[in-house]
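Readers should treat all values here as calculations from the given coordinates under stated rules, not as data from a laboratory. Just so it is clear, the structure is predicted and the values come from calculations on it, not from any experiment. Neighbour counts are summed over all protein chains in view; Cβ atoms, including those assigned to glycine, are modelled from backbone coordinates with ideal geometry.
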Amino acid sequence: MLRMELASTVQSTAANSAQEQAAGPTFSLRGLSKLYGEGASAVHALRSVDLDIAERELVVLLGPSGSGKSTLLNILGGLDRPSSGEVLFKGESLVSMDDRELTRYRREHVGFVFQFYNLIPSLTARENVELVNEIASNPLPAAEALGLVGLGDRLDHFPAQLSGGEQQRVAVARAIAKRPAILLCDEPTGALDVRTGVRVLEALVEVNDRFGSTTLVVTHNADVARLGDRVVRFLDGGIRQIETNAKRAAPTELVW
Amino acid sequence: MRILDRKLLRDVWRMRINAIAIALVLGCGLAIFVMAVGMRASLENTRRDYYAQQRMADLAVSLVRAPEQLEADLAAIPDVSAVDVRISGLALLDLPGMVEPASARLVSLPRSGRPRVNDLVLAKGRWPDPALADEILLNEAFADALGLTMGDTVEATLHGRRQTLRIAGIANSPEFVFVSAPGELFPQPERYGVIWMGHEALARAYDLESAFNEAIFRLSSGANSERAKKAIDALVERYGSTGAYGRDRMPSDRFLVEELRQLATMAAFLPAFFLVIAAFLVNIALARIIATERSNIGLLKAFGYTDGAVAWHYAKSALLLGAIGALLGSIAGVWLGRLMASVYRDYYHFPRLDFDAPLLTFLAAWTAAFVAAAAGALAAVLRAARIAPAAALAAPRPASFRSSNGLFGALARRLDAKSRIILRRIVRFPRRSATTVFGVSLAIALLVVARTFPAVMDRLLDLHFSQANRQDVTLSFIDARSAAVLNVIERLPGVIYAEPARIDSVILRRGGRDVEEALIGAPPNARLSRLIGLSEGPVSTPVSGITLSRALAEKLRAGPGDEIEIEQTRGRRIRAVVRVASIADPMVGSSAYMDLDQQARLFREPGQITGANVRLDSSSYARFNREIKETPVLAGASFLSLAEQSMRRSFDEGVGYMNFIYAAFAAIMAGGVAFSAARITLAEQERDLATLRVLGFTRAEVSYVLVGELAALAILAVPFGCLLGTLLAQWLMNLFETDMYSFPYVFNPGGYVFAILFTLSCVVLAALTVRSGIDRLDMVGVLKSRD
């Protein structure tokens, strides 16, 4: 069922994103640098990155380990701060926000999907979603969010009773239930095999289409890159190349 | 150092807060153990040496009057190595600067040389000059309490004759380590002392020229004490003897033995309590280490380490904690012991008392520490050894939870998600939750016990001084007098009301058992001095027959309806058989009770009394005292308010002091349990809590999940802690019961409130301290880690 739904929406994606790009960027990054440590042992995780990310855009951040893509994702998610440079979210500076404001930013705008799911083991699938809904203003009902990722029949299962792919889809449902402006995914398929990985990616694409959440997917898997509107290639803390896909591939077309 | 051992040290360092908590709790328990066992051994040694050096009497016998020639016959008894015959009596003292009359035991010194038995240690001054009848030695506790010194004089009424005595020296005797007036429950050094003086002077005062009324004996080594008693009895029977007796009837030694027994009880019970807690803390700490070390354990095994080697590796960290605790406990125990030894030395005037714990004590302490640590580690270590390497290296599955349909399920569905996390974790890990609840309960229980003691003391003093004894003063006469003497007493200044009293010192015998006790005669419907039973309230003495206190009845194995034989130890030594009418439960004392008139008739002194209980108008207090100091018939005056004061003081100094230490240790334990539980909960939940933070939950919301779990478990522990504390307190009160006192459990609501609030505060404080860890949660790191 999910497959069919996706198939019908995939075609319109490219057109949509092109149209939205005109409305002003969701994120605007200028001279963004992140330095860990100091002196001789200092590590440049990010070196003066400039990037604009449009609303509704699905951007894949690609690169080897340590190239800076996760650091960027963490900064955009309000989990980390840059050493220098500026990040604007819809014109508002993340850099100038204090801890409390960053918490509110995450709470109101950001959905996260992590490599290791990070579900609360003591809550069922439905409750893991409701956990976030309790602090969101206009959330999707948990059952509906889980239905979207194809877990409508696993609502009352605990994480331990779900497979890895199912757990990750619960995480996706949890991330999208609050209809976030931004969906940040760090290696969402990193711990999964191909088949389950595809199902998770299908869910992500579906969410991006349906809610128009600006979506960033970090991966070191080059094939996943075909999924995005744009692919940003990282190397050694800087952007090496940005490609625009003429047509986004469907998750089912991917091989890795 | 081997790499693995280096890892071990770092592991312990990583959980240093838990390690400190464990070591402190272990240390507290072992400190009490070392202190109590060491103190007992030291006191035992001191007693032995003191008794040996000063030739403490093995046997004694008191008589009405025996000729001095009898001494040679007594000395010739085969088992006897030394004998002293002497004169002993009581005197009322009029001391400068003291309103109330004090009293003293008078003991004669040999005509020449030092006592062969019960020799004295001269603390200050010199021995009295035998040529000077008025020179005396005073016992040190009395002299210190009243600030008397050499050259000072004491006005004494000896056998109705007033005399001025001059202090030549201050001395101590093994016979009078504890000095308490006859009929008094507690030593009152400022009210009652011991005076040693020349034989001739005392003989004149008591009309005992060329005679004696007391003999004391040292037995040769290997002597048969029962045979010696029989031989002595055969010689002295016709001189009004009540029979030779051993140290078990010498009051001072009985007190000392009781003190030693209590130290032994303390050494056995309290440390065990702390060791259990320490084992429990080791268990939760080590279980946590091993949980986080799963993959390392897999790795070690993959490298080829055996199960045994892995188990030993983790067991060593427990033993290390045991060693730290044992070291702390040994040092603190010696320190406490030395402190206590100096208190004992000053209080009992031992010539020397050094805290010297036998090596075996430390050996036992260290063994106990290792056993407790190992016992605590056992389950966790076995778990480590059992982990299969492949399973340990693979990513762990999330802890499995199942939905429950029962009460918890229904409850969980009604809660918000954060509370649901708390509830599910508690229900899902019942053993872990139970250990936290258990630990907090123990802390509450120990504090309840510590706070029950003072309440029991208060109850005891209240019962004895406010309900049982409502007189202001008890007067005792030098011998039995007609009840008409009450008229004289009622005419003394300030006397509102006087009630007759009769106390006979008697030996009670039944079925080969004999006990020396006071037989207290009370008038029917006594208003002042009453027998109050623990549960039954005021008990009226039986019209016929005798009432025994429970302790006494148990010693004689007598019950209502049984016949017992009683014999006076003073006066006319009359023997009689009486029937036990009832058993009573007084909190204080283990006497026997009779109707006053019946008792007087029994001892063939109808209508005669030995004392009076008096209620005074306080405005005439000084005049009353001036008058009684001049009244020749009085042998002693006991002032209830003074007795209460001194009893309270000694409780505060002794029991209060120990109680303070227990309360402090209980607090350390409560803190230790709370901190361990809080830190471990944080460590276990770190990843989930960080995830919540990432998802946009505020610090306060995340703190709720952490603190909420601890708070819920702590609140759950409250009823268990109260129950456990109550049971422990009841058990302990029984354990500390002596001949003199029975300690009923007293419900002290304030104590419970204190125990609960204090422990919960510890938990909250611990939770708040740990909560600051939420501010430092590594939100980025947690997303990259598996678990």
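For this structure, a couple of remarks:
- Angle in degrees between helix B:699-735 and the longest Cα principal axis of chain B, rounded to the nearest 10: 30 degrees
- Summing Cβ point charges (Lys, Arg +1; Asp, Glu -1) relative to the Cα centre of the stretch B:426-537 gives a dipole of roughly 780 debye.
- Each Lys or Arg adds one and each Asp or Glu subtracts one; over the other residues with Cβ under 14 Å from the Cβ of residue A:97, this totals -1.
- Using alpha carbons only: equivalent-ellipsoid semi-axes of the protein assembly as shown, gyration tensor based, whole Å: 88, 28, 24
- Per residue of peptide B:416-427, the mean number of Cβ atoms on other chains within 10 Å of the residue Cβ is 4.
- For the residues A:43, A:232, A:217, a GNM of chain A with alpha-carbon springs under 10 Å puts the largest fluctuation on A:43.
- Working note: 222 nm ellipticity from helices only, DSSP H runs with n ≥ 4, each -39,500 (n - 2.57), summed and divided by the residues of chain B, gives -17500 deg cm²/dmol to the nearest 500.
- Positive minus negative residues near residue B:643 (Lys, Arg vs Asp, Glu; Cβ under 10 Å): 0
- In chain A, the longest principal axis of the Cα atoms and the axis of helix A:99-109 are about 50 degrees apart.
- Here the relative contact order of chain B, from alpha carbon pairs under 8 Å that lie six or more residues apart, stands at 17 percent.
- Chain A - percent relative contact order, Cα under 8 Å, separation 6 or more: 26 percent
- Leading residue at positive end of dipole, the stretch A:142-256 (Cβ point charges), from A:235, A:252, A:160: A:235
- Top of A:67, A:96, A:33 by mean-square fluctuation, Gaussian network on chain A, Cα under 10 Å: A:96
- Within the shell of other residues whose beta carbon sits under 13 angstrom from the beta carbon of residue B:496, the net charge comes to 0, with Lys and Arg scored +1 and Asp and Glu -1.
- Label-to-label distance, residue B:307 versus residue B:775, with points set 7 angstrom from Cα along the beta-carbon direction: 4.7 nm.
- Pairs from the list B:230/B:555; A:34/A:178; A:69/A:247; A:69/A:90; A:34/B:7 with a Cα-Cα gap above 25 Å: A:34/A:178; A:34/B:7.
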